[in-house]
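Step one of this worksheet: look at the structure below.
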Amino acid sequence: MRASGAVFEQRARIELERAGLRLLASNYTTRHGELDLVMQHGDTVVFVEVRHRQRAGHGDATTSVTRSKQEKLIRTAQLWLAAHPQYAQRPCRFDVVSYDGPADDARMHWLKGAFEAY
């Protein structure tokens, strides 16, 4: 499943770069979780969670980013910012890029500001 995830992360990165974002990091991993993509959009640091769901039996890919997953992403983002203090005072947002359906036909859905750190 990790290989499939890497394919969708690469697709998302390419599309986000086309939209003007710049990659800062990918697959940043700590004991608290992983950030798929860390990007910069203007002055804003964007933490991007990439999801793919083959079938919608348990909801679409965007809804799979549960409160628990959000908490892990927020904690991991805090650690990333602590490790990269040059970005610590910049505005941040959490985006979800999702793909639903068969891999060869899945279309990207980009939800900017999908959730906020609380």
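Considering only the stretch 20-40, state which residues are in contact (Cβ under 8 Å) with a residue 12 or more places away in the chain and outside any strand (DSSP E or B).
Answer for the stretch 20-40, where residues must be in contact (Cβ under 8 Å) with a residue 12 or more places away in the chain and outside any strand (DSSP E or B): 20, 21, 32.
Hey, could you check the stretch 72-89 for residues that are touching a residue at least 24 places away in the same chain (Cβ under 8 Å) and of a type in the set (A, V, I, L, M, F, W, C) and say which is surrounded by the most Cβ atoms within 10 Å (Cβ to Cβ)?
Of everything passing the filter in the stretch 72-89, 73 is surrounded by the most Cβ atoms within 10 Å (Cβ to Cβ).
Mind listing whichever residues of the stretch 31-60 are modelled with pLDDT under 95 and more than 13 Å from the chain's Cα centre (by Cα)?
Result: 31, 32, 53, 54, 55, 56, 57, 58, 59, 60.
The values are calculated or read from the model by the stated rules, or taken from the named source; none is laboratory data. If you're wondering where the values come from, they're calculated on a predicted model, not measured in any experiment. Using ideal geometry, Cβ is built from the backbone for each residue, glycine included, and neighbour counts are taken over all protein chains shown.
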